[in-house]
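All remarks here apply to the structure that follows.
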Amino acid sequence: RWRWQRRLIFRHCRMGRYAAKNMGKQDFAELKALAESMQNADQQRSYEIDREFHQKLILGSGNRFMITIMQVFSEIYKESIRKGWENADAEKFEKMWKLHVEIAEAIETGDQRKIDAAVQAHYDIIHK
């Protein structure tokens, strides 16, 4: 299981780097707005926003291979991700939406270290 998680983290980091190069200002603004909108959403809506956020990020990478792979992973993990949002206590919920904002901001800056750190922190929260 851990090996697949590491691969998924690696792919998300790579996808974030591609998105940083391919997305425009409007795309960055929309990505950040999605992340920030999680703050005032209930858990079901936050799950939906999370899917929109990751879909925008995946498509923003512009890499057809990564788009295909990540859409498959997204479907495979859809149920566990939904349960993660549903079962999040207030502290975890706050960390999750803030990490999405960090990811969006890191992608906008194009700083690979910040992208990698934010994605790793995202997975650390999800898999606790």
Rh (Kirkwood, all Cα-Cα pairs) for the chain, Å, reads 14.4
Can you give me the % of accessible surface on the chain that is carbon or sulfur? Probe 1.4 Å, all protein chains present, nothing else counted. 50
Given pairs K32/K98; K56/K98; K56/K78; K21/K83; K32/K83 and cut-off 21 Å on Cα-Cα distance, the over-length ones are K21/K83; K32/K83
Counting helices only, and only those DSSP H runs with n ≥ 4, report the 222 nm mean residue ellipticity of the chain as the sum of -39,500 (n - 2.57) divided by its residues, in deg cm²/dmol to the nearest 500. -28000 deg cm²/dmol
Which shape class, rounded, prolate or oblate, goes with the stretch 55-128 when its Cα gyration tensor gives a ≥ b ≥ c as root eigenvalues, a/c under 1.5 marks rounded, and past that a/b bigger than b/c marks prolate? oblate
Simple SL model, points at 7 angstrom along Cα→Cβ for D124 and K21; separation in nm is 2.8
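The values are calculated or read from the model by the stated rules, or taken from the named source; none is laboratory data. Please read these numbers as outputs of a predicted model, since none were measured by experiment. With ideal geometry, Cβ positions are generated from the backbone for all residues, glycine too; neighbour counts draw on all protein chains shown. Remember, those area values only see protein heavy atoms, side chains included, never the ligands or the DNA or RNA. Shrake-Rupley method; radii C 1.70, N 1.55, O 1.52, S 1.80 Å.
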